[in-house]
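Encoded as structure tokens, the structure appears first; notes follow it.
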Amino acid sequence: MPEPAFTYRSILLRKQIQAVSGAQFIRVLARSQIWIFIPVYLTKVRDLPVYFSGILFLLTAMIALPISVYGGNLVDTIGRRKVSLAVPVLLFALMIITALSILYRSSIVFIVIEFLSIEPISVIQWIADNAIVSDVTGIGERTGSFGILRIAGNLGFSADPAIGGFLAGYSYAYIFLFGAAGAVIELLLYYHLVNETGKLRTGSGKFSMPLSDRYFVVVAIMIGVTYFVSGQWGTTLTLFLSVIYGISNNMIGILYSINGITVILLQMPIIRMIERINGFWQLALGTIVYGFGFFVLALTHSFLLLGLDIVFITIGENILAPVTNSIISKIAPEDRRGEYFGSAQLISGFISPLAPVMGTLLIYRNANDPLMVWSPVLGIAILASISIIIAGNRLMKSIQAHV
């Protein structure tokens, strides 16, 4: 169903949205370079095989799965504000420790353990942010509000990879120091602008998951399938550009910056264009655009054409990303939003971590054949889009039959 009209200005005037979007800007500006360049560090500096990065990101995601459920329940029981203040402090400490480990070339085991600790804690902040946005916006404002957060994040992302490429040229440790500085600013934003929002859960305080909510479970699985395709962004794409096409860190940073700029310019126009389309069709459309965009990477290594293709891939991202959060926020009861977002992360997380594993293995086995790297991704995108449409239509009919 189409969402009622709203004004972005009215949303941006709310201090909680200012805090979350500001923190999102700082967070992405200071930390996204870590996920872009850590595979390059492990492969080119520590001489590990390319598939190690895929395994590392799989482990990261698997560790984050149970943490997401507990974190979501904590957000509901102790409050959004307390969680939002605690997370930056923990991340600051982890970033400093990891930077020192890289600077003094510590054992790869220590660096891996430190890196594996960052993502689970970051997921808790993601859940708290989504709950805050859901608390202070109406149903018709959700997709646009999450779109605003994406714009804020991509304002940071448009500059961050270029900064990361520059810092990595001196030392990969500087990337983590930059992330630590960002965590301090995040803490200040939440402290000064976020009061407790929403309705906290009362009762036994036991941790729970909404597995009895069939609609939610099916939606979470479908979102996980879309992540399997979109998850080639990041580790797989970075290693493909670096290992197969031999593109420098600075040039990779510029390509990712093009992604950020495209989100800033096109996110809201795309939301307006697709707002009357059923949410399941939005998921399918975004997935198929992603798939074709990745496939085109195999057809050219011209930097100009790669830049244009990044724009096309980003259109898929602009379609897909806001609607996933919006759908969950509409399903979740007010006092269980953290639980629903955390559980969605858990359910989809059993699927999405396989994306970088598959991608890096395809690169490892087909280093001289780009078509064999991206053709399977396109095939999965097509099958996923068809499956989402079929499952979505059946679910909607089932719901209507019981109304």
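The values are calculated or read from the model by the stated rules, or taken from the named source; none is laboratory data. What you are looking at is a predicted structure, and each value in this text was computed from that prediction instead of being measured. For neighbour counting, all protein chains shown are included, and Cβ atoms are generated from backbone atoms with ideal geometry for every residue, glycine included. Note: accessible area is taken over every heavy atom of the protein model, side chains too, but ligands, DNA and RNA are not part of it. Shrake-Rupley method; radii C 1.70, N 1.55, O 1.52, S 1.80 Å.
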Looking at the range 260-276, is at least one residue closer than 29 Å to I96 by Cα, among the small types (G, A, S), touching a Gly at 6+ places or on another chain (Cβ under 8 Å) and part of a helix (DSSP H, G or I)?
yes
Every residue in the range 226-242 that is among the hydrophobic types (A, V, I, L, M, F, W, C) and at pLDDT 85 or above, please.
V229, W233, L237, L239, F240, L241
Output for the range 131-148, where each listed residue is open to solvent by 10 Å² or more (accessible area, probe 1.4 Å) and among the hydrophobic types (A, V, I, L, M, F, W, C)
V136, I139, I148
Considering residues of the range 263-282 that are without any contact (Cβ under 8 Å) to a residue 12 or more places away in the chain and within 19 Å of I313 (Cβ to Cβ) only, the residue most open to solvent (accessible area, probe 1.4 Å)
M273
May I ask you to list the residues in the range 332-348 that are surrounded by fewer than 24 Cβ atoms within 10 Å (Cβ to Cβ) and farther than 12 Å from F216 by Cβ?
E334, D335
Say whether the condition of being of a type in the set (D, E, K, R) and open to solvent by 40 Å² or more (accessible area, probe 1.4 Å) is met by at least one residue in the range 307-324.
no
If you go through the range 67-93, how many residues are open to solvent by 30 Å² or more (accessible area, probe 1.4 Å) and farther than 18 Å from N130 by Cα?
4
For the subset of the range 90-107 comprising residues that are closer than 11 Å to F176 by Cβ and of a type in the set (S, T, N, Q), which member is farthest from the chain's Cα centre (by Cα)?
S101
Options F350, F292: the member that is out of contact with any strand residue (DSSP E or B) (no Cβ under 8 Å at 6 or more places or on another chain), at pLDDT 85 or above and assigned by the TED database to the domain that holds G260:
F292
Report the residue count in the range 216-238 for those that are more than 20 Å from A159 (Cα to Cα) and in a helix (DSSP H, G or I).
16
Just to be sure I understand the filter: pairs with C-beta atoms under 9 Å, separated by 6 or more residues or on different chains, first member in the range 160-182 and open to solvent by 20 Å² or more (accessible area, probe 1.4 Å), second member of a type in the set (D, E). Which pairs pass?
F178/D160
